[in-house]
Structure formats: structure tokens, C-alpha cells
Amino acid sequence: MQNHTVLISGASIGGPALAYWLTEYGFDVTVVERAPGLRPGGQAVDVRGPALVVAERMGVLDELRELATDMRGMSVVDAAGVELYRSTEGTISGGDFATADVEILRDDLCQVLSRGAAGRVAHLFDDSIAALTQDEHGVQVTFEKAAARTFDLVVGADGLHSNTRRLAFGPEADYITHLGTYLSVFTAPNYLDLDRWQVWHQAAGAGGAIMTARGNAEIRVFAGFETPEPVAYDFRDIEAQKKLVHDRMADVGWEFPRALRYMWDAPDFHFDSMSQIHLDQWWRGRVALVGDAGYCGSPMSGQGTSMALVGAYVLAGELKAAQGDHRIAFPAYQDALRDYVAENQRLALTNQARMAAETGTAEGEPGVGADLQDVGQAVNGLELKEY
Ligand SMILES: Cc1cc2nc3c(=O)[nH]c(=O)nc-3n(C[C@H](O)[C@H](O)[C@H](O)COP(=O)(O)OP(=O)(O)OC[C@H]3O[C@@H](n4cnc5c(N)ncnc54)[C@H](O)[C@@H]3O)c2cc1C
């Protein structure tokens, strides 16, 4: 086998899944993660269609089902909390309950995936790639903290603002499309006593949801605002991001003024733009991208997590099939997933338009829509090879 050593940047969803499959196939894997450990937080994410097959082949599907959010349903309310719409057939974030899809907290999924390759992967937490150069023999990697090393291959699984992509492919601005919305998610106590329930409220240009998590022990507050132009902010300055959310949500009614008070001391906080990443080619020489780093669909697609899981499985599988030859495996990986990714990225735009219509954001009045939980229905037409 050629190209035995692989460095993966990022340990959220795509990174741990890729590490699992590569170590299954005998590769020597190191994972570098900027955070000091596996990151907590995030809202519920969805494992759908072919990603369920990947989870089954990893032997974790039953565990994911046990950890699933297990919602009873959802409501849409107006600024005074009056219920305008209710469903016990599905939720906006999780889709229709009648499907086999699994909705799970992002951090729970990250933990399960990471356990799969525990003991077989070397981790460099609290570190990041500072520079990489490549030639026909390998990729010379300089880290911010660890000693420099050469790897045969490097894979960026480091998300929408991928550091690997910036270093190997060029500036983010060349690849990112802003969809006009920013989202924040944080944990708070279940002070509303919601029972496995999701409540949505939308005002003009801002709004979001509150949903229970971990049984009814806590809630995840999901606050977003629209802005046609990207907002300049420091990715590392959490307090400034919280202030931005606070200021932009100032006129949103229902429970948001109270819920946002929990934001300042929340144990976790995730903030990002709704954006997509489009690259003509998901690899450059010995460096490839997986998940959001290479083809982010945005939370509007409801498919980011599934694309990362499927991408990791196919990338590792093609490397196995090509005996580690990246010149064969990387193009085969993109060929296998090109249509699946393109359709799911398009779905995000359809969902965005539909949600705006259903929640009446254009008029600033929450609407009532029987199709609301259809938002997020996935494009799943992909036959997964066995490697
Ligand atoms: C904390 C968090 C909360 C999230 N919350 C939501 C949510 O509520 N709703 C939703 O739809 N999606 C959310 N996402 C995104 C979602 O997880 C992804 O869209 C999807 O699962 C694809 O995963 P990924 O592994 O490709 O990327 P991501 O999940 O974005 O993971 C990227 C990983 O790379 C790490 N990283 C970033 N920069 C570097 C660097 N320089 N060096 C090393 N590591 C680096 C990050 O810390 C992270 O662990 C969240 C992501 C994170 C990290």
C-alpha cells in the first residue's frame, strides 16, 4: 500500500468518521483539532439516507438511534406566544417522524464516531496546521505547537472556514457563497418546561427556535438573523459574537429576550453564517477535503452531517480500493459524490425559499404552514459501494 500516513485536520463529524474507516483499512492516522478536546455544543443534526448505511457499516446505528432527540412535535408561535401551527408528525430540524432518519445532537454524534477509532488514532488537540508544502514524496506540515512532520496525505475536515483549504487551495472568499443568514446555537436550562418539543418564532429579519435536548434536561436555543451582506467578525472572539446576536435579536418577541439572557453564561456557543462551499475540485495533489470544508451545503440543506459521513466513507474506501494511490482515489471520490452533493446543495436554496414563505419572513408575520416540516427533506439517491 502506498501513502500510509494520513493527517486529518478537524475532529467533529467528517474527521472522526474518516479516521475510523482509514484505520479499519490499515492507514496510520493522526488527527489535529484546534479545540482542546472534542467540542461540545451544536444543535441537532440529521443522519439520513446513505449516511444511515455508513453508520450501520460502522456498527453505531443502534447507538445513534438510542441517542436520537426523540421529539414529540413542534409549534410555531407569534410574538405573544400564541400557537399558530402545531404538528406531531415531524419537526423543522428533524423532518418527518415517519422516515428512518436519525436526529441527534452534534456533540453526541461526534463522541460516538470518535470512540470508533479510539486507541488507533493519534490526536493533537489544541493545535492547528500552520503551513503545508507538498512534493511527489509527501506533505511537509508545520504545526502551531507540535513539531513539524511529513505525511503522505492530508485531509481537511475542518469545516466551513477550513484552515486546510485556505493553505492548500487559497482564500475562503474564492469558494464561499453567503446565503444571507447567521445562526447561533447554545444550551440553556429547560426553564419553559417543554416536553420533547420544538417551538419556532420568526419576526422580520430574525427569529429561531427553542428545542429540548437530552430528554427534557436542557434546551438548545437556536437564534438567527438575516443580513444580505456578510458581517465581519472575529471567529475566535466569542463575546463579540454573542453581542452581535444580542443586538440583532433585540426586536424579536416571544421568549427570545429571556432565552438570550442564558447565552452569556452558556456552556457552549456556536455561531456561523449560513454559507455554502463550492470547489471545482476537492483535492490538490496530496491534499483533499471532506465534509463542510469541501462542499458545505449549510444547515438549510439539512444534509451537512450526512454529506460529511458519506464523504468520509467514500474517500477512505476509494483510498483502500486504489491501494493508497491518491491520484486514482481522489478523483474517484469526487466522481462518486458529485451529483449527491450538488443536489443537496441545491436543496438548501429550495428549503430557504420555502421556509421564508412558510414562516412569512418577507412580511414580518409568522405564517402557518402545513408543509413546514417538509423543509429539510433530504436528497438521498446514492448507492454506496462496499469497499
Ligand atoms: C461546535 C459546532 C457546532 C455546530 N452546530 C451546528 C448546528 O447547530 N447546526 C448545524 O446544522 N450544523 C452545526 N455545525 C456544523 C455541522 O457539524 C457540520 O455542518 C456537519 O456536521 C459537517 O461536519 P464537518 O465535520 O465537515 O465540519 P464541522 O462540524 O464544522 O467540524 C469542523 C471541525 O474542525 C475543527 N477545526 C476548525 N479549524 C481548525 C483548525 N485550524 N485546525 C484543526 N481543527 C480545526 C473544528 O473545531 C471542528 O471540530 C456545528 C459544528 C461545530 C464544530
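A short reminder: the numbers here are calculations on the coordinates, not readings from a lab. Quick caveat, the model's predicted, so the values are computed rather than measured. FYI the Cβ positions are ideal-geometry reconstructions off the backbone, even for glycines, and counts take in every protein chain you see.
Rundown of residues vs (1) more than 9 Å from the ligand (Cβ to nearest atom); (2) on the phi < 0 side of the Ramachandran plot; (3) of a type in the set (Phe, Trp, Tyr), yes/no style:
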{"site": "His4", "(1), (2), (3)": "yes, yes, no"}
{"site": "Pro16", "(1), (2), (3)": "no, yes, no"}
{"site": "Tyr25", "(1), (2), (3)": "yes, yes, yes"}
{"site": "Ala35", "(1), (2), (3)": "no, yes, no"}
{"site": "Pro40", "(1), (2), (3)": "no, yes, no"}
{"site": "Arg48", "(1), (2), (3)": "yes, yes, no"}
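Does any residue in the stretch 271-297 that is within 14 Å of Gln345 (Cα to Cα) and of a type outside the set (S, T, N, Q) come within less than 8 Å, Cβ to Cβ, of a residue that is more than 10 Å from the ligand (Cβ to nearest atom) and assigned to a loop (DSSP other than H, G, I, E, B) six or more places away or on a different chain, and which pairs are these?
Hits for this filter: Ile277/Tyr175; His278/Tyr175; Leu279/Tyr175; Gly294/Leu279; Gly294/Trp282; Tyr295/His278; Tyr295/Leu279; Tyr295/Trp282.
Of the conditions (1) crowded, with 21+ Cβ neighbours inside 10 Å; (2) in a loop (DSSP other than H, G, I, E, B), Pro16 fails just one. Which one is it?
The single condition Pro16 does not satisfy is (2).
Can you pull out the residues in the stretch 311-323 that are in contact (Cβ under 8 Å) with a residue 40 or more places away in the chain and away from the ligand (no atom under 11 Å from the Cβ)?
Matches in the stretch 311-323: Tyr313, Val314, Leu315, Ala316, Gly317, Glu318, Leu319, Lys320, Ala321, Gln323.
Restricting attention to the stretch 126-162, report how many residues are more than 26 Å from the chain's Cα centre (by Cα), small (Gly, Ala, Ser) and not in a strand (DSSP E or B).
So the count comes out to 3.
Conditions tested, residue by residue: (1) farther than 22 Å from Glu103 by Cβ; (2) surrounded by 18 or more Cβ atoms within 10 Å (Cβ to Cβ).
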{"site": "Thr164", "(1), (2)": "yes, yes"}
{"site": "Leu167", "(1), (2)": "yes, yes"}
{"site": "Gly170", "(1), (2)": "yes, no"}
{"site": "Thr177", "(1), (2)": "yes, no"}
{"site": "Tyr182", "(1), (2)": "yes, yes"}
{"site": "Pro189", "(1), (2)": "no, no"}
{"site": "Ala204", "(1), (2)": "yes, no"}
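Can you work out which of the residues in the stretch 220-247 that are surrounded by fewer than 13 Cβ atoms within 10 Å (Cβ to Cβ) and among the aliphatic types (A, V, I, L, M) is nearest to Gly180 (Cα to Cα)? Let's see the steps before the verdict.
Narrowing the stretch 220-247 to residues surrounded by fewer than 13 Cβ atoms within 10 Å (Cβ to Cβ): 228-229, 231-232, 234-237, 239-240, 247.
When the remaining residues are screened for being among the aliphatic types (A, V, I, L, M), the result is 231-232, 240.
On the way: Val231: 10, Ala232: 13, Ala240: 20 Å.
If we take residues in the stretch 220-247 being surrounded by fewer than 13 Cβ atoms within 10 Å (Cβ to Cβ) and among the aliphatic types (A, V, I, L, M), then Val231 is nearest to Gly180 (Cα to Cα).
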